[in-house]
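Peer 1: First, the structure itself, so that you have it in front of you.
The values are calculated or read from the model by the stated rules, or taken from the named source; none is laboratory data. Predicted model, so just to flag it, every value in this text is computed and none were measured. All Cβ positions, even for glycine, are placed from backbone atoms using ideal geometry, and neighbour counts span all protein chains on display. Protein only, heavy atoms only, side chains kept; ligands, DNA and RNA dropped before computing areas. Shrake-Rupley method; radii C 1.70, N 1.55, O 1.52, S 1.80 Å.
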Amino acid sequence: MSENCIFCQIVNDRLESRTVYEDELTLAFLDVNPLAPGHTVVIPKAHIERLEDLPTEQMGPLFEAVRRVTDKVQQAMKVDATTIGINNGRAAGQAVPHLHVHIIPRRADDGGGSLHSIVHSNGPLSLDEVQRLIQQVFGA
Ligand code: 5GP
Ligand code: ZN
């Protein structure tokens with residue numbers, strides 16, 4: 001538990017939320033400022049800031065919860081599509097520093113775009129160079 005974290009406060013019942021799913025390691029609740037009806041966030045109960053910090057043994061349970069909640073939310077909202085994503089780090093738009101997976105119900109006529117509409121800032125590096133840089137880090 002991180003004292004100043006609003007999602008930790010939700011996990012510990014110090015702040016109200018509209019819970020839709022809970023298990024031993026995971027909590028899912030409605031986003032207070034939904035981008036679409038049924039917009040839900042799924043979080044690990046432990047205070048983990050970013051995806052890279054999530055212990056391997058919690059990765060499976062978190063994404064199993066994402067899968068289950070996605071299925072139920074789609075049924076409840078009567079949609080057959082969702083955008084699922086993580087704002088991973090401040091520069092990516094992460095406002096709450098407690099890892100959370102957004103599940104956003106989507107409709108063909110909702111006026112929104114795909115993940116490809118988020119950013120268009122590809123620089124001068126070729127795909128060869130980018131691949132080499134990433135492989136170097138893996139090899140380090
Ligand atoms: P982020 O930008 O960090 O990926 O998203 C944080 C999300 O948490 C936002 O969509 C915001 O609406 C939601 N949020 C912020 N504070 C609260 C809160 O107190 N309760 C709930 N249910 N959602 C919150
Ligand atoms: Zn937290």
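Peer 1: Test of understanding: what is the full-extension gain from ARG18 to ASP109, defined as 0.36 nm times their sequence separation minus their Cα-Cα distance?
Peer 2: Values: separation 91, 0.36 × 91 = 32.76 nm, distance 2.68 nm.
Taking ARG18 through ASP109 to full extension adds about 30.1 nm, to one decimal.
Peer 1: So, one more: Tell me the net charge near GLN58. Cut-off is 11 Å between Cβ atoms, GLN58 excluded, with +1 for each Lys or Arg and -1 for each Asp or Glu.
Peer 2: The answer is -3.
Peer 1: Less than 15 Å Cβ to Cβ from PHE7, Lys/Arg counted +1 and Asp/Glu -1: what total charge do the surrounding residues give?
Peer 2: Taking every other residue near PHE7 into account, the sum is -3.
Peer 1: Same structure again: For helix 56-77, report the angle its Cα long axis makes with the longest principal axis of the Cα atoms of the chain; keep it between 0 and 90° and round to the nearest 10°.
Peer 2: With both axes taken from Cα atoms, the answer is about 60 degrees.
Peer 1: Another question about this same structure. How do the peptides 17-25, 93-101, 122-130 rank, highest first, by the average count of neighbouring beta carbon atoms within 10 Å per residue?
Peer 2: Working: 17-25: 13.6, 93-101: 17.6, 122-130: 8.3.
Per-residue mean Cβ counts within 10 Å order the peptides as 93-101, 17-25, 122-130.
Peer 1: Once the Cα gyration tensor of region 12-72 is found, what semi-axes does its equivalent ellipsoid get, as square roots of 5 times the eigenvalues, in whole Å, sorted largest first?
Peer 2: Numbers: eigenvalues 74, 39, 25 Å².
Equivalent ellipsoid of region 12-72: 19, 14, 11 Å, largest first.
Peer 1: In degrees, nearest 10, range 0 to 90: what is the angle between the Cα axis of helix 127-139 and the longest Cα principal axis of the chain?
Peer 2: 70 degrees
Peer 1: About the Cα centre, and with charges only on the beta carbon of Lys, Arg (+1) and Asp, Glu (-1), how big is the dipole of region 1-129? Nearest 20 debye, please. If you can, show how the numbers build up before the last one.
Peer 2: Working: 11 positive and 18 negative charges, 85 e Å.
Magnitude of the dipole: close to 420 debye.
Peer 1: Over the chain, what percent of the accessible surface lies on carbon and sulfur atoms, probe 1.4 Å?
Peer 2: C and S fraction of accessible area: 53 percent.
Peer 1: A further question follows. With a 1.4 Å probe and every protein chain left in place, work out the accessible area per residue of the chain in Å², rounded to a whole number.
Peer 2: Per-residue accessible area for the chain comes out at 69 Å².
Peer 1: Here is a follow-up. Hey, with R₀ at 30 Å, roughly what FRET efficiency would ALA92 and MET59 work out to, going by the Cβ-Cβ distance, to 0.05? Before the final figure, lay out the partial values.
Peer 2: Values: r = 19 Å, r/R0 = 0.63.
With R0 = 30 Å, the Cβ-Cβ based efficiency is 0.95.
Peer 1: Still on this structure, I have one more. Just the number, please: Stokes-Einstein D of the chain in µm²/s, Kirkwood Rh from C-alpha pairs, 25 °C, 0.890 mPa s.
Peer 2: Estimated via Stokes-Einstein, D reaches 147 µm²/s.
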